[in-house]
Amino acid sequence: MSQQAYDAGRDADEDVLLRVDDLQTAFFTDKETIRAVDGVTFDIRRGESVGVVGESGSGKSVTARSIMGLVESPGRIVGGSIEYKGEDLVGKSDDEWRQYRGGEIAMVFQDPLSSLNPVYTVGNQIKESLRLHQGLRGRDATRAAVELLEDVGIPDAKRRLKEYPHQFSGGMRQRAVIAVALACDPDLLICDEPTTALDVTIQAQILELLEELKVEHDIGIMFITHDMGVIAEITDRVNVMYAGEMIESAPVEELFENPKHPYTRGLLESIPSRNERGAELSTIEGDVPTPNEPATYCRFAPRCPKAFDDCEQVHPVQVDVDESTDDHQAACLLYPEDVSQNEAVELHRSREDRTGSEVSE
Ligand code: ADP
Ligand code: MG
């Protein structure tokens, strides 16, 4: 397919809620420029749950905060676009961006205590969201709040509305946070490691809940985790991130059955057993490098069992892994796998020349 035909195909898809294209977000510190998000591209459709997975430090949270318009100084979006319902959010003022937060795009963080206010009852916090985003007050708001708590599986909802966050257990608190987010009636829910702090049983319940909510409310979900096991349970499509870049993208079954990038293979080999969930991945030797210079080479090469000389000279871009698919991409010089090694390297080199861009302050 030509690039033009491909773009036209993408544009025609009305179910696309979010289209992130070549997003770049950098932190300009005194010491260095950290390219935390360095050319990230992916879509999320209505009713679809899209995973972003990678080790700690790979740029997952900065991607999420970029979409929310919440990148903190000295960070800034320096390139690319974030189209939400066809409207580019990059370049919007803080005020304009605020109108999307909550009502259109809501976020659930890893630590539920940081998103709940300890001095207000859970009920008041849900009702405040209902008032702000849905205009509900008084008895209507109370009724809707009870329904929401029931929706997220909190028993005895009427009584629990009057309780404070510290009276909730960890799992119940995360449910309450999800209820507050849903009270905004968002179309896109971004979950940043929402189950990492929870034990395995509770974690499974929250994942099941999110799956139900996705179907019932027909929302898109962006689900961030470092845990491949969790990704398997919740997502329809997976994007693997490494040092600021998306290095593999595929439907979830395809990714698990047929992983292509050596990094993804490493991640899959290091899935912790069920009772160790939440433990950091450790079987790939070495750490994620800080992306503090332009990617003119493969950032995974130093840790890669398959690396060869070109990996240090040529920056891999996302390509279809072979000719039979347009739904599975990897950014690795080993692909496409149905052409010779030299041809593959040349393909990456020529694409990179076209797309390579400079980040400047
Ligand atoms: P992940 O969520 O995948 O663990 P992050 O998105 O939090 O990773 O971080 C990606 C990179 O951005 C890291 O190298 C981190 O050090 C850097 N980073 C994040 N926030 C800041 C900040 N406020 N200032 C400077 N660097 C930051
Ligand atoms: Mg994070």
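Taking residues in the range 242-266 that are in contact (Cβ under 8 Å) with a residue 12 or more places away in the chain, and partners anywhere that are of a type in the set (F, W, Y) and assigned to a strand (DSSP E or B), the pairs with Cβ atoms closer than 6 Å and at least 6 places apart or on different chains are Y263/Y242.
Need a quick list: helices (runs of 4 or more DSSP H) entirely within the range 220-277 having at least 1 residues that are within 16 Å of ligand 1 (Cβ to nearest atom) and modelled with pLDDT under 95.
On the way: elements: 228-234, 252-257, 262-269.
Of the helices (runs of 4 or more DSSP H) lying wholly inside the range 220-277, those with at least 1 residues that are within 16 Å of ligand 1 (Cβ to nearest atom) and modelled with pLDDT under 95 span 228-234, 262-269.
A single member of G75, G59, G80 is within 24 Å of I284 (Cα to Cα) and either within 16 Å of ligand 2 (Cβ to nearest atom) or crowded, with 20+ Cβ neighbours inside 10 Å (or both), and it is G59. Whenever a residue of the range 181-193 is over 13 Å from L132 (Cβ atoms), its partners that are open to solvent by 10 Å² or more (accessible area, probe 1.4 Å) and assigned to a strand (DSSP E or B), lying with C-beta atoms within less than 7 angstrom and at least six residues away or across chains, give the pairs I190/M107; D192/M107.
Looking only at the range 104-159, which residues are among the hydroxyl-bearing types (S, T, Y) and either within 20 Å of Q205 (Cβ to Cβ) or at pLDDT 90 or above (or both)? Listed by number, the residues that qualify are S115, Y120, T121, S129, T142.
The values are calculated or read from the model by the stated rules, or taken from the named source; none is laboratory data. In this text, all values refer to a predicted model and were calculated from it rather than measured experimentally. No Cβ is skipped: glycine too gets one built from the backbone with ideal geometry, and neighbour counts run over all protein chains shown. Keep in mind that these areas ignore ligands, DNA and RNA; they rest on the heavy atoms of the full protein, side chains included. Shrake-Rupley method; radii C 1.70, N 1.55, O 1.52, S 1.80 Å.
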